[in-house]
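Below is one structure, written out as structure tokens; comments come after it.
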Amino acid sequence: MNAPWTPHLMTQRDAIQAYVCDDWTAEAIRPIIVEHGWSPDKVLKGGLRGAIQALSVSASPQILLVDLSDTPDPTSEINNLAEVCEPGTIVIAVGQVNDVRLYRMLMASGLHDYLLKPINADMLRDAIGQARTILHAPRAMDTAPEKAPCNVAVVGVRGGVGTSTVATSLGWLMAERLDRTTAILDLDVHFGTAALALDLEPGRGLVDAIDNPGRIDGLFLERAMVKATPKLAILSAEAPISAPIVHDGLAFAQLQDEMRINFETTIVDLPRNLLIQQPILVTSAQTLVLVTELTLAAARDTIRILSWLKTHAPQTSVLTVANRVLPTGQSEIAQSDFEGSIERPLDFLVPYDPKLVVQAAKVGKPIAELGRTSRTIAPLVELSQRICASSEGPDPLASNRRGLLDRFDLKALLAKRTRAN
């Protein structure tokens, strides 16, 4: 409950709420709340259970007073309260049990203070005053240089090119190497693999967001996202394939907006069909990482998607990444032919390391974490650094990129492949 402080959420909450068990306690609390300029209507009946029920569907206040008098097992119920309280909420409890062991257990659970009933007005004033001091005290993060927000969409030109592998590796690198709070949003609701790559259960958060877009806020994200590391969290789904999900893209756009408020880096693993159906999902991204491979089909689809992006998202910086690149001479299409076909150089080439990929899948870790000495990782590290640098200003290489061809010369490549065979 006294979890890491999130200042942008604090301004959206009530200053105080109190859930009491009896009228006498309510009458004792109301005058002190009024002294601080707050409404006496914030004193409600219901005690601890009432607080848990109410806060499970609404934002928690900055300061929460809760009465434990009707709770037979306060320590376990307090843990239930912690599940529904937003980070940064300061909880003051009141109760009838005068037991030092109970006091210590409650303090260990994250409570700010525990006051005995009948309530002493001066002690309650002191407790509320201390809570307000904590809320308004300067934090180290307040004076630290603010990092520029970084919003990335990762799109594969075809299935199986390793889009989720690139997205999860970027997420891990942003969080662990570049020390940025990072969110991964996997929008393949039925077949997404981002959570699988991190050895996590996807949960129902993404499906719930689609069903109820109006619920999406900072509190929803706090409960729905699954943490991979202290700075890396993921929101994904594994919806039953027998249950088609119908949506208009509103929930996805709202999720992106809310993540940008709550995280320094947002990485969206965006299926290519959604790219076409919901252009808003990519037009709001600063950088789009287009993952491809050196094959004829991938070259064709790279041209088509680049052309679409030029029309529908001209403001988005596009970086092309050739993934699973085989040694020279073993790829279906040579790098020079591929680049000539799309009329621009590939920005990054990620060598294929089958042993690393297999090992990462076995242990449920991103390849960026597992293969620190592999040649596969260096381009991904450079890509993450490039994305962060471009979020702080214009891409210095953008002016050197060539335009796209109006059409893709498949015949020339097919003829070249036929001669090679």
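The values are calculated or read from the model by the stated rules, or taken from the named source; none is laboratory data. Quick caveat, the model's predicted, so the values are computed rather than measured. Cβ atoms come from the backbone with ideal geometry, glycine included; neighbour counts cover every protein chain shown. To get the accessible areas, we keep the full protein, side chains included, count just its heavy atoms, and leave off ligands, DNA and RNA. Shrake-Rupley method; radii C 1.70, N 1.55, O 1.52, S 1.80 Å.
Taking only the alpha-carbon positions of region 235-299 and ignoring solvent, what does the Debye formula give for the base-10 log of I(q)/I(0) at q = 0.15, 0.21, 0.25 Å⁻¹?
Values, matching the q order: -0.61, -1.03, -1.24.
State the antiparallel share, in %, of DSSP beta bridges confined to the chain, rounding to the nearest 5.
So the antiparallel bridges amount to about 5 percent of the total.
With all protein chains present and a 1.4 Å probe, how do Glu339, Glu264 order by accessible area, largest first?
Numbers: Glu339 35, Glu264 55 Å².
In descending accessible area the options line up as Glu264, Glu339.
Checking the cross-link filter: which lysines have an alpha carbon closer than 30 Å to that of Lys147, excluding same-chain neighbours under 8 positions apart?
Lys227, Lys231, Lys310, Lys365
Need one number: nm distance between label points at Ala334 and Trp24, each 7 Å from Cα along Cα→Cβ, rounded to one decimal.
9.2 nm
First measure r as the distance between the Cβ atoms of Asp122 and Glu83, then evaluate 1/(1 + (r/R0)^6) with R0 = 41 Å and state the FRET efficiency to the nearest 0.05.
Values: r = 33 Å, r/R0 = 0.80.
My answer for the efficiency is 0.80.
Using only the Cα atoms, what convex hull volume per residue in Å³ does region 263-375 have?
Working: hull volume 15.1 nm³, N = 113.
Dividing the Cα hull volume of region 263-375 by its residues yields 134 Å³.
Please report the carbon-and-sulfur percent of the accessible area for the chain; probe 1.4 Å, protein heavy atoms only, DNA, RNA and ligands left out.
On the way: 10510 of 20030 Å².
That fraction is 52 percent.
I'd like the distance separating the alpha-carbon centroids of region 330-383 and region 38-78, in whole Å.
After rounding, the separation between the Cα centres reads 52 Å.
Mind giving me the FRET efficiency for Val358 and Arg204? R0 is 35 Å, r the Cβ-Cβ distance, nearest 0.05 is fine.
Working: r = 30 Å, r/R0 = 0.86.
Once rounded, the FRET efficiency stands at 0.70.
Can you give the Rg and Dmax of the chain based on its C-alpha atoms, in angstrom?
Cα-based Rg and Dmax for the chain come out at 26.4, 93 Å.
Would you mind telling me the antiparallel percentage of the DSSP bridges in region 178-316, rounded to 5? Walk me through the numbers on the way to the answer.
Values: 3 of 12 bridges.
That works out to approximately 25 percent antiparallel.
I need the semi-axes of the equivalent ellipsoid of region 1-130: take the C-alpha gyration tensor, multiply each eigenvalue by 5, square-root it, list largest first in whole angstrom.
Its equivalent ellipsoid spans semi-axes of 19, 18, 14 Å.
What number comes out for the charge environment of Leu326, summing +1 per Lys or Arg and -1 per Asp or Glu over other residues with Cβ under 10 Å away?
Values: positive: Arg324; negative: Glu293, Glu332.
It works out to a net charge of -1.
Determine, from the Cβ-Cβ distance of Ser58 and Leu326 and an R0 of 60 Å, the FRET efficiency 1/(1 + (r/R0)^6), rounded to the nearest 0.05. Display every interim value, and only then the final one.
Numbers: r = 54 Å, r/R0 = 0.91.
Using R0 = 60 Å, I get an efficiency of 0.65.
Only helical DSSP H runs with n ≥ 4 go in: add -39500 (n - 2.57) per run for the chain, normalise by residue count and round the 222 nm mean residue ellipticity to 500 deg cm²/dmol.
Details: 20 runs with 182 residues, N = 421.
Only helices count here, giving -12500 deg cm²/dmol.
Helix 121-136 versus the longest principal axis of the chain: what angle, 0 to 90°, nearest 10, using Cα atoms?
Approximately 20 degrees, to the nearest ten.
Net charge near Gly160: determine it from the other residues with C-beta under 11 Å of the C-beta of Gly160, scoring Lys and Arg +1 and Asp and Glu -1.
Working: positive: Arg158, Arg324; negative: Glu293.
Counting the neighbours of Gly160, the net charge comes to +1.
Would you tally the net charge around Gly95, using a Cβ to Cβ cut-off of less than 11 Å, leaving Gly95 out, and scoring K and R as +1, D and E as -1?
Numbers: positive: Lys117; negative: Asp67, Asp70, Asp99.
Its environment carries a net charge of -2.
Translational diffusion coefficient, Stokes-Einstein: compute it for region 150-246 using the Kirkwood radius over C-alpha pairs as Rh, at 4 °C and 1.567 mPa s, and state it as an integer in µm² s⁻¹.
Numbers: Rh = 13.9 Å.
In µm²/s, the coefficient is 93.
Starting from region 51-145, pick out the trypsin sites (Lys or Arg not before Pro) whose DSSP state is loop and whose Cβ has at most 12 other Cβ atoms within 10 Å.
Working: sites: Arg101, Arg104, Arg125, Arg132, Arg139; in loops: Arg139.
Passing sites in region 51-145 are Arg139.
Quick check on packing: order 291-297, 48-54, 62-68 by the mean number of other C-beta atoms within 10 Å, highest mean leading.
Working: 291-297: 21.4, 48-54: 18.4, 62-68: 25.7.
Order by mean packing, descending: 62-68, 291-297, 48-54.
With +1 on each Lys and Arg Cβ and -1 on each Asp and Glu Cβ, how big is the dipole of region 87-139 about its Cα centre, in debye rounded to the nearest 20? It would help to have the intermediate numbers written out before the result.
Working: 6 positive and 4 negative charges, 25 e Å.
I would put it at about 120 debye.
Measure off 7 Å from each Cα along the Cα-to-Cβ vector at Gln130 and Arg260, then give the distance between these two points in nanometres to one decimal.
Once both label points are built, they end up 4.1 nm from each other.
I want to check the label-to-label distance for Ala378 and Lys147. Put each point 7 Å from Cα in the C-beta direction and report it in nm to one decimal.
Result: 2.5 nm between the two label points.
Please report the base-10 log of the normalised intensity I(q)/I(0) for region 200-341, using a Debye sum with one equal scatterer per alpha carbon and no solvent, at each q in 0.14, 0.15, 0.19 (1/Å).
Evaluating at q = 0.14, 0.15, 0.19 Å⁻¹ gives log10 I(q)/I(0) of -0.80, -0.89, -1.17.
What does the accessible area per residue of the chain come to in Å², with a 1.4 Å probe and no ligands, DNA or RNA counted?
Working: 20030 Å² over 421 residues.
Ligands and nucleic acids excluded, the result is 48 Å² per residue.
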